[in-house]
Amino acid sequence: MKIAILGNGGREHAIAEQISKSDKLNKLFCLPGNAGTKSIAENVDLDIYDFDKLGKFVEKNMIDLVIVGPEKPLVEGVVDFLTDRGIKVFGPNKICSQLEGSKIFTKKICKKYNIPTAEFGVFSNTLDAQKYLQKAKKPIVVKADGLAAGKGVYICEDFETGKNAVEEIFNGKFGTAKQVLIEEFLEGEEMSYFVISDGKIFKKFNTAQDHKRVGEGDMGKNTGGMGAYTPSGLINKELDLKIMKDVIEPTFKAIKDMGEKYKGFLYVGLMIKDNNPYLVEYNVRMGDPECQTILPLLETDLLELILSCCEEKLENQSINWKNKKSMCIVLCSNGYPETYKKNLEIPNLGRISSDENTFIYHAGTELVDNKFYAIGGRVLNFVSISDDLKKSREIVINKIENLNWKNGFFRRDIGFKILDI
Ligand code: AMP
Ligand code: GLY
């Protein structure tokens, strides 16, 4: 089969690596891909948001299946566009993608279907929002409704910061805003829970813990994710059941009641308190870097699994995992998540090896004249699988130290909440 993967991050490199191992694969394209995918696929520098061009490329190259990595093309309706042209594509359609594309859409579902989540209010003007902020218990969380690349969430300690957040959102910091979401601050520990669905049923696709803050001890600014490990230290049978019954099943029921089918990965962002789940957010794709830490544990052929979803036959497909743990640490450009230099060489990268238990997934990298360059904030993902997370962390840190890249930094404390450092 000929497969195309859309996206250029670490998540897409990890997906490409799994797909490239499938016996069913004849040819793999990454659009646009990165320096890592270049060694296992043909990178094609095509604007994936130009759906017309994308459709023509897929038809011309007789691609059998398109796998969508990131949320933006999903929310913009790439699945609907390609499906209408008769192209097979894995990912949710535009309406289902509102689960990530509109936080207010998701909150309304939570309310209607009694899904545990933070108490909230939706406001269409500054004055009403301010009135609510004044009375609300602090900290309080102010959110932009639409996609904001992880930046549209403000945790506000007092009225003033809340008021500023509302103003920034209404002033268009994240695009035109008709409404703002204000919600209760949830105490607890976060967990990323994944499922895969064929539109008829869904199955669990492992758990992880992400580390979104830039600094050790979870301090500093929010990032796309500095590292993750799997499985989450919080998961247990009782919690698993509650997440399925109280959160995910009613969400799929809501989608069905709308006359829609959800096909693809679903990322369930949860806050866990006293072994009870509260929904923080949905993402309509795999997490990044959760995907990089989860996929190396997958024993099932990912391409077969995805095809079973496209054909609505997930019921007959088992999902098997290696009985190991996995950790991913992200190497970032100095300055990230704020400004950082681009096009800096990573001189030793070609000398750093991977093996069956260690993996290097590229993100913001480019290969020019056989030299690797950093072109993004998150540059490389180092992953190790073993019986013990501490051991995995040591192996990964060792690899990053061997790389000795002067222009980058990383967190040494991924997993600190369950590893005592
Ligand atoms: P989101 O973009 O919705 O994932 O939010 C980004 C991050 O903000 C989450 O991963 C949480 O760490 C935090 N967050 C969002 N909503 C809440 C909330 N209601 N209570 C506490 N933390 C929150
Ligand atoms: N790791 C967070 C995300 O993928 O949104």
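Only the coordinates and a few stated rules stand behind these numbers; no lab work does. As the structure is a prediction and not an experimental result, all values here were calculated from the model. Positions of Cβ are backbone-derived with ideal geometry, glycine not excepted, and every protein chain shown enters the neighbour counts.
Return the residues of the range 258-289 that are more than 12 Å from ligand 2 (Cβ to nearest atom) and basic (Lys, Arg); say none if nothing qualifies.
Restricting attention to the range 258-289, the residues satisfying the condition of being more than 12 Å from ligand 2 (Cβ to nearest atom) are 258-264, 266, 270-279.
Residues satisfying the conditions are LYS261, LYS263, LYS273.
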- Item | Selection from the range 192-216 of residues that are over 13 Å from CYS291 (Cβ atoms), within 16 Å of ligand 2 (Cβ to nearest atom) and of a type outside the set (Ser, Thr, Tyr) | VAL195, GLN209, HIS211, LYS212, ARG213, VAL214
- Task: Might you let me know whether the range 408-421 holds any residue that is within 23 Å of LYS38 (Cα to Cα), in contact with a Phe, Trp or Tyr (Cβ under 7 Å, 6 or more places away or on another chain) and among the β-branched types (Val, Ile, Thr)?
- Result: no
- Query: Quick one: what pairs do we get from the range 143-168, first residue closer than 23 Å to VAL75 by Cα, second aromatic (Phe, Trp, Tyr) and within 14 Å of ligand 1 (Cβ to nearest atom), C-beta under 6 Å, 6+ apart or different chains?
  - Reply: ALA144/PHE174; ALA148/PHE174; GLY152/PHE174
- Per-region count, the range 217-249, residues small (Gly, Ala, Ser), more than 15 Å from the chain's Cα centre (by Cα) and within 14 Å of ligand 1 (Cβ to nearest atom): 2
- Top-ranked residue in the range 259-276 [being of a type outside the set (A, V, I, L, M, F, W, C), farther than 17 Å from PRO92 by Cβ and touching a Gly at 6+ places or on another chain (Cβ under 9 Å); ranked as nearest to ligand 1 (Cβ to nearest atom)]: LYS273
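I need a count of the residues in the range 277-320 that are closer than 13 Å to PHE90 by Cβ and away from ligand 1 (no atom under 16 Å from the Cβ). Don't jump to the end; show me each part of the working.
Our first condition is that a residue be closer than 13 Å to PHE90 by Cβ; within the range 277-320, this holds for 284-286, 302-312, 314.
Within this subset, residues satisfying the condition of being away from ligand 1 (no atom under 16 Å from the Cβ) are 302-312, 314.
Matching residues across the range 277-320 total 12.
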- Message: Contact list please: Cβ distance under 9 Å, first residue in the range 109-132 and under 17 Å from ASN164 (Cα atoms), second residue loosely packed, with under 15 Cβ neighbours inside 10 Å and aliphatic (A, V, I, L, M), pairs at least six apart or on different chains.
- Response: none
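Suppose the filter is among the β-branched types (Val, Ile, Thr) and out of contact with any Phe, Trp or Tyr (no Cβ under 9 Å at 6 or more places or on another chain); does ILE400 pass it? Step through it out loud before you land on a result.
Details: among the β-branched types (Val, Ile, Thr): yes; out of contact with any Phe, Trp or Tyr (no Cβ under 9 Å at 6 or more places or on another chain): no.
Here the answer is no, as ILE400 does not meet what is asked.
Find the residue count for the range 187-209, including only residues that are touching an Asp or Glu at 6+ places or on another chain (Cβ under 6 Å) and buried (at least 17 other Cβ atoms within 10 Å of the Cβ).
Narrowing the range 187-209 to residues touching an Asp or Glu at 6+ places or on another chain (Cβ under 6 Å): 192, 198-201, 208.
Applying the additional criterion that residues be buried (at least 17 other Cβ atoms within 10 Å of the Cβ) yields 192, 198-199, 208.
Summing the residues that are touching an Asp or Glu at 6+ places or on another chain (Cβ under 6 Å) and buried (at least 17 other Cβ atoms within 10 Å of the Cβ) in the range 187-209 gives 4.
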- In the range 210-227, the residues that are surrounded by 18 or more Cβ atoms within 10 Å (Cβ to Cβ) and in a strand (DSSP E or B): ASP210, VAL214, GLY227
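Which one of these is of a type outside the set (Val, Ile, Thr) and either within 16 Å of ligand 2 (Cβ to nearest atom) or part of a loop (DSSP other than H, G, I, E, B) (or both): LEU239, LEU234? Talk me through it step by step, then tell me what you get.
On the way: LEU239 fails: either within 16 Å of ligand 2 (Cβ to nearest atom) or part of a loop (DSSP other than H, G, I, E, B) (or both).
After applying the criteria, what remains is LEU234.
I'd like to verify a number: residues in the range 69-108 that are within 12 Å of GLY146 (Cα to Cα) and either in a loop (DSSP other than H, G, I, E, B) or not hydroxyl-bearing (Ser, Thr, Tyr) (or both), how many?
Pass one, the range 69-108, residues within 12 Å of GLY146 (Cα to Cα): 71-72, 75-76, 97-106.
If we keep only those that are either in a loop (DSSP other than H, G, I, E, B) or not hydroxyl-bearing (Ser, Thr, Tyr) (or both) too, we end up with 71-72, 75-76, 97-105.
Residues meeting the conditions: 13.
Could you grab me the full set of residues in the range 13-34 that are under 21 Å from GLY350 (Cβ atoms) and either within 16 Å of ligand 2 (Cβ to nearest atom) or buried (at least 24 other Cβ atoms within 10 Å of the Cβ) (or both)?
Residues of the range 13-34 that are under 21 Å from GLY350 (Cβ atoms), as a first pass: 13-14, 16-17, 20, 30, 33-34.
Of everything in the range 13-34, those that are under 21 Å from GLY350 (Cβ atoms) and either within 16 Å of ligand 2 (Cβ to nearest atom) or buried (at least 24 other Cβ atoms within 10 Å of the Cβ) (or both) turn out to be HIS13, ALA14, ALA16, CYS30, GLY33, ASN34.
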- Task: Show the residue pairs that are 6+ apart or on different chains and have beta-carbon atoms under 9 Å apart, the first residue being within the range 176-194 and within 11 Å of VAL142 (Cβ to Cβ) and assigned to a strand (DSSP E or B), the second being within 15 Å of ligand 2 (Cβ to nearest atom) and of a type outside the set (A, V, I, L, M, F, W, C).
- Result: VAL180/LYS143; LEU181/LYS103; LEU181/LYS143; ILE182/LYS143; GLU183/LYS103; GLU183/LYS143
- Quick one: in the range 138-154, which of the residues that are of a type outside the set (Lys, Arg), within 16 Å of ligand 2 (Cβ to nearest atom) and surrounded by 15 or more Cβ atoms within 10 Å (Cβ to Cβ) is farthest from VAL214 (Cα to Cα)? GLY146
